[in-house]
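Reviewing the structure listed below.
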Amino acid sequence: MMNWVSIGSISDIPRRGARCVATPQGKIAVFRTAEDQVFAIEDHCPHKGGPLSQGIVHGAAVTCPLHNWVISLETGKALGADEGAVRTIPVRIEGERLFIALEALASRAA
Amino acid sequence: MTEKLVIIGNGMAPGRMLEHLLKKAPGRYQVTIFNAEPRVNYDRIMLSPVLSGEKAYEEIIIHGDGWYIKHGITLYKGHKIVAIDRQAKTVTSDHGVTEPYDKLVIATGSVPFIIPVPGHNLPGVLTYRDLDDVRAMMLAAQSRAKAVVIGGGLLGLEAAAGLNAQGMDVTVLHVMPTLMERQLDPAAGYLLQRAVEERGIKVITKANTQAITGNGKVEQVELADGTIIPATLVVMAVGIRPNAAVAKEAGIAVNRGIVVDAGMRSNDPDIYALGECAEVSGQVYGLVAPLYEMARVTASQLAGDEAAAFVHSDTPTKLKVTGIELFSLGDFAEGDDRQEIVLRDASAGVYKRLVLKDDRIIGTVLYGETADGAWFNDLKKKQTDISEMRDTLIFGQSYQGGASLDPMAAVAALPDDAEICGCNGVCKGKITGAITAKGLTSLDDVRAQTKASASCGSCTGLVEKLMVLTIGDKYNPAAVQPMCGCTTLGHDEVRRLIKAKGLKTIPAVMQELEWTTSCGCAKCRPALNYYLVCDWPDEYADDYQSRFINERVHANIQKDGTYSVVPRMWGGVTNAAELRAIADVVDKFEIPMVKVTGGQRIDMLGIRKEDLPAVWADLGQAGFVSGHAYAKGLRTVKTCVGSDWCRFGTQDSTGFGVRIEKFMWGSWTPAKVKMAVSGCPRNCAEATCKDVGVICVDSGYEIHFAGAAGLDIKGTEVLGLVKTEDEALEHIVALTQMYREQGRYLERIYKWAKRIGIAEIKRQIMDDGEKRRAYFDRFVFSQKFAQVDPWSERVSGKDKHEFRPMASVGFAQAAE
């Protein structure tokens with residue numbers, strides 16, 4: 001069963017920006033692109049753990065603020081020549097409201 | 001018909017010889033080996049790591065039992081040959097085995113030299129030669145008692161280090177004034193002694209051993225000067241001599257060693273000798289490289305190649321003691337016809353000496369840093385004329401990029417394992433390999449694939465040379481480098497078009513200039529944002545989402561995701577109230593680290609992002625504003641105390657520094673700008689390595705610019721001398737505005753100045769008053785929009801979403 005949890009409104013996130021959601025399993029970065037697509041991934045770069053939510057968002061990707069790895073928001077995978085991936089978290093938009101699937105996190109903690 | 005080949009000895013030289021022979025003439029010989037040691041062939045060089053416990057015997061075996069079986073070789077272990085009958089062509093072992101031969105190879109090695117002092121045969125006196133010696137030493141070391149090593153040469157020091165590592169209290173006795181005097185000059189010998197002593201090993205030089213005494217076993221060592229050193233173990237490591245006894249008894253010509261010709265053949269045409277027991281052209285050898293060369297020659301001769309000949313070459317010496325870097329090569333005695341180049345870096349413990357004769361290297365001693373040893377060895381071997389690079393020779397290969405030497409050749413000459421990118425640890429072979437395998441043609445591709453030059457970029461020149469070497473004309477470094485992968489235009493072109501076409505937003509630039517991506521990337525967006533801020537200060541709305549995180553939250557992100565905060569201290573001046581406010585903030589927010597910066601202010605590190613607005617609020621109460629320590633903008637203006645306090649001060653440097661900082665703070669620039677004002681030419685504020693610096697003199701203000709003290713080190717250029725503080729301010733501001741309008745994003749002033757030309761900058765700022773005032777006015781205009789304290793803005797609620805999590809979810813479930 002999918003356990004969708006409300007995290008707020010799409011207007012809480014600036015376009016080409018991100019906000020964090022605190023969870024017991026760590027921070028989730030929720031991104032909003034220039035085209036109002038929304039993605040959620042772990043806020044933890046596969047390279048050296050940089051906070052991806054603080055990076056520059058371009059297209060459907062973010063550049064990590066620590067060492068400039070570029071991470072795909074759709075797949076969580078590092079783009080270009082780098083190799084690595086972060087976990088992606090399902091997001092649903094209902095009107096203005098945003099929901100993330102929490103058990104995806106819980107299953108990781110279990 | 002197979003011939004019978006008998007080998008006396010089973011050390012590294014005959015082992016290598018057999019490998020060659022099996023390849024060159026497989027099946028030609030039926031091989032029998034007699035080994036006085038009861039074991040297979042092992043790597044004798046690695047005995048020291050075995051002694052120190054870093055390796056086990058099993059790890060240093062070269063040929064295991066299986067190898068001999070596979071190649072049909074008969075190995076008699078523990079059989080010492082006691083007689084060679086050259087008439088009957090047989091050898092006989094101490095166990096009575098007699099074996100006929102067609103060809104005989106003598107490889108009996110060497111025996112350790114024993115000083116014939118009284119007591120040298122007491123139990124507890126050992127030599128350092130083979131595995132049995134090492135095992136005996138390790139057994140003795142279990143007592144953790146005292147050991148004396150006689151001999152401060154290569155072997156002695158390795159033995160001492162090994163015994164020390166095994167927990168023994170070790171004293172090294174060396175008869176000469178400095179250690180390893182045959183390989184090292186006195187200076188390097190001294191450094192070596194210090195390093196050895198730092199490990200807790202005692203060293204006594206000029207030590208003349210008189211006797212070893214004890215009741216039935218070793219108890220002490222007595223020196224000629226009366227010193228008595230207690231010891232339960234004595235290791236003699238004073239040298240070796242060729243072991244040629246069995247050859248001599250058989251009537252083979254023996255001098256110091258068994259005399260052989262360049263083909264390794266003795267005066268009996270069916271008998272060869274190689275290894276430490278052989279003497280070629282009057283020389284005997286103990287290091288592995290020439291012994292392996294002998295092995296190659298002997299194998300070729302046995303395979304029928306009579307032209308194969310041994311050629312002497314100097315072999316570098318390296319000490320195998322973990323943590324001591326030492327390299328020595330060739331002849332380094334002083335002489336009238338010789339010159340030397342010496343480099344000493346006492347703090348780094350580095351000593352380098354090159355001995356030259358007729359512009360060629362004949363000797364090298366490197367201590368502490370030996371990476372260039374291979375290169376010096378190469379220069380020496382090839383007898384390269386070094387007169388062209390004499391001035392920089394001692395700094396090693398990586399420094400040989402000057403105009404007098406072809407830098408391309410130097411890069412081409414680097415070995416594949418030479419490190420090119422120090423930040424990311426990328427070697428030459430990896431870069432050229434990736435260029436070839438992946439068909440890379442641009443610097444950006446190479447950076448993405450290999451990470452070389454992707455961090456600090458100081459190796460970019462080297463990487464570009466490697467690209468030219470690898471793919472030739474396909475790499476064209478003169479072509480305009482595009483800003484990034486989103487466009488083919490370079491920075492200068494984009495800046496020109498922004499003005500010419502009146503482009504005033506990032507989407508407008510991308511649309512009009514045909515960007516290939518929808519909303520750019522992390523490289524072009526911050527650059528475009530800066531260009532637009534600079535060119536349209538009143539019209540352009542700063543795009544925070546195109547700013548790097550530091551400029552978006554006005555603090556410096558740290559590796560753990562926390563931030564550091566640096567408030568402005570105008571000209572580096574502060575007072576009790578400010579310091580008290582900082583102390584209170586540090587206490588209140590439990591800030592883990594407080595540090596004084598190089599720019600004369602205070603850095604508070606480890607602040608949680610959520611706490612930033614509250615920290616700024618408290619600092620703001622005390623009158624602090626942001627120090628922009630995170631900005632591509634004006635950072636600090638460092639000052640000295642000047643004429644107010646200093647007896648040498650010529651002008652009020654502190655006051656002027658504060659005035660500049662108050663005038664210019666908040667301005668964005670292509671890259672960071674650091675300034676300084678010194679009150680006299682003693683230059684205590686270090687103004688001559690800054691982006692812009694002022695040296696006050698009695699007659700006025702000397703304005704400097706284009707210095708660097710980071711990735712590059714560069715003294716400033718002098719812009720000119722002006723009489724009054726007002727004039728100085730106008731010139732400095734105009735210069736900065738010129739840089740703001742022309743610089744490429746992330747290009748520091750010194751790089752911009754190099755590109756534009758110092759003379760051109762002087763002409764516009766010093767000579768053209770009209771231009772200067774126009775620059776000045778444009779700067780002043782843009783400051784109207786820039787001088788807003790970002791901290792107080794955010795304390796008042798601007799961008800509050802930046803500092804708060806959007807939501808907290810899942811905690812209640814987890815708690816229950």
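All of the numbers you see were taken from the coordinates with simple rules; none came from a lab. This structure is a prediction, so every number in the text was calculated from the model and none was measured. Because the Cβ atoms are built from the backbone with ideal geometry, glycine has one as well, and the counts that use them run over all protein chains shown.
By the equivalent-ellipsoid construction on the alpha carbon gyration tensor, region B:11-130 comes out with semi-axes of 28, 22, 12 Å, ordered largest to smallest. For chain A, taking a cut-off of 4.7 Å between Cβ atoms, the unpaired cysteines are A:Cys20. Here region B:609-632 is scanned for amide nitrogen atoms under 18 Å from the site 7 Å beyond the Cα of B:Ser792 along Cα-to-Cβ, giving B:613-629.
Note on region B:604-645 and region B:353-370: Cα centroid distance 51 Å, given to the nearest whole angstrom. Counting every alpha-carbon pair across region B:163-242, the share separated by more than 16 Å comes to 57%. The Rg/Rh ratio of region B:550-630, with both radii computed over alpha carbons and Rh defined as the Kirkwood radius, is 0.92. Sorted ascending by nearby beta carbons within 10 Å, beginning with the fewest, B:Met483, B:Met138 become B:Met138, B:Met483. Dipole magnitude for chain A: about 180 debye, using +1 per Lys or Arg Cβ and -1 per Asp or Glu Cβ, origin at the Cα centre. With viscosity 0.890 mPa s and temperature 25 °C, the Kirkwood radius over alpha carbon pairs of chain B converts through Stokes-Einstein to a diffusion coefficient of 74 µm²/s.
A convex hull fitted to the Cα coordinates of region B:88-243 yields 141 cubic angstrom per residue.
Give me the dipole magnitude in Debye, nearest 20, for region B:325-405 about the Cα centre, with unit charges on the beta carbon: positive for Lys and Arg, negative for Asp and Glu.
In debye, rounded to 20, region B:325-405 gives about 140.
Candidates B:Ala278, B:Phe779, B:Pro290 compared by Cα position along the dipole of chain B: farthest toward the positive end lies B:Phe779, with charges placed on Cβ. If you find the alpha carbon centre of region B:651-714 and of region B:736-793, how far apart are they in angstrom? Spelled out, the Cα-based centre of one part sits 15 Å from the other.
Relative contact order, whole percent, for region B:715-794 stands at 38, derived from Cα pairs under 8 Å and 6 or more residues apart. This model, with +1 at the C-beta of Lys and Arg and -1 at the C-beta of Asp and Glu, gives chain B a dipole about its Cα centre of some 980 debye. Its residue count N sets the reference 2.2 N^0.38 Å, and the alpha-carbon radius of gyration of region B:491-547 equals 0.99 times that reference. Residues B:His628, B:His120, ranked from the fewest to the most other C-beta atoms within 10 Å, line up as B:His120, B:His628. For chain A, relative contact order (Cα pairs under 8 Å, six or more residues apart, normalised by length) works out to 27 percent.
Directionally averaged projected area (region B:745-816, Cα convex hull): 9.1 nm².
Positive contributions from Lys and Arg (+1) and negative ones from Asp and Glu (-1), summed over other residues with Cβ under 12 Å from the Cβ of B:Glu99, come out at 0. Using the Cβ-Cβ distance between B:Trp645 and B:Ala709 with R0 set to 35 Å, the FRET efficiency from 1/(1 + (r/R0)^6) comes to roughly 0.85. For the protein assembly as shown, the C-alpha radius of gyration divided by 2.2 N^0.38 Å, with N the number of residues, is 1.25. Here the gap between B:Arg773 and B:Arg241, fully extended at 0.36 nm per residue and compared with their Cα-Cα distance, gives a gain of 183.0 nm.
Applying 0.36 nm per residue to the separation of B:Lys723 and B:Thr2 and subtracting their alpha-carbon distance, the gain on full extension is 249.7 nm. Counting Lys and Arg as +1 and Asp and Glu as -1 over every other residue whose Cβ lies under 13 Å from the Cβ of B:Thr470, the net charge comes to +1.
What is the local net charge at B:Asp587, summed over the other residues whose Cβ is closer than 12 Å to its Cβ (Lys, Arg +1; Asp, Glu -1)? Display every interim value, and only then the final one.
Working: positive: B:Arg580, B:Lys588; negative: B:Asp584, B:Glu590, B:Asp618.
In short, -1.
Rounded to the nearest 0.05, the FRET efficiency derived from the C-beta distance between B:Val82 and B:Arg199 at R0 = 60 Å is 0.90. Expressed as an acute angle from 0 to 90° and rounded to the nearest 10, what is the orientation of the C-alpha long axis of helix B:131-141 relative to the principal long axis of chain B? In chain B, helix B:131-141 runs at an angle near 70 degrees to the longest axis.
Ranking of B:Ser387, B:Ser678 by neighbouring Cβ atoms within 10 Å, starting from the fewest: B:Ser387, B:Ser678. Legend: P(r) of region B:325-405 from all alpha carbon pair distances, 10 Å bins from 0, whole percents, reading 18, 56, 24, 1. Calculated mean residue ellipticity, 222 nm, the protein assembly as shown: -8500 deg cm²/dmol, from DSSP H runs (n ≥ 4) at -39500 (n - 2.57) each, averaged per residue and rounded to 500. Sorted into 5 angstrom bins from 0, the C-alpha pair distances of region A:4-109 split as 2, 14, 26, 26, 19, 10, 3, 0 percent.
Straight-line reach from B:Lys523: taking Cα to Cα under 18 Å and skipping same-chain neighbours fewer than 8 places apart, the lysines in range are B:Lys451, B:Lys632, B:Lys672. For region A:6-110, the set of trypsin sites (Lys or Arg not before Pro) satisfying both a DSSP loop assignment and a count of at most 16 other C-beta atoms within 10 Å is given as A:Arg15, A:Lys48, A:Arg87.
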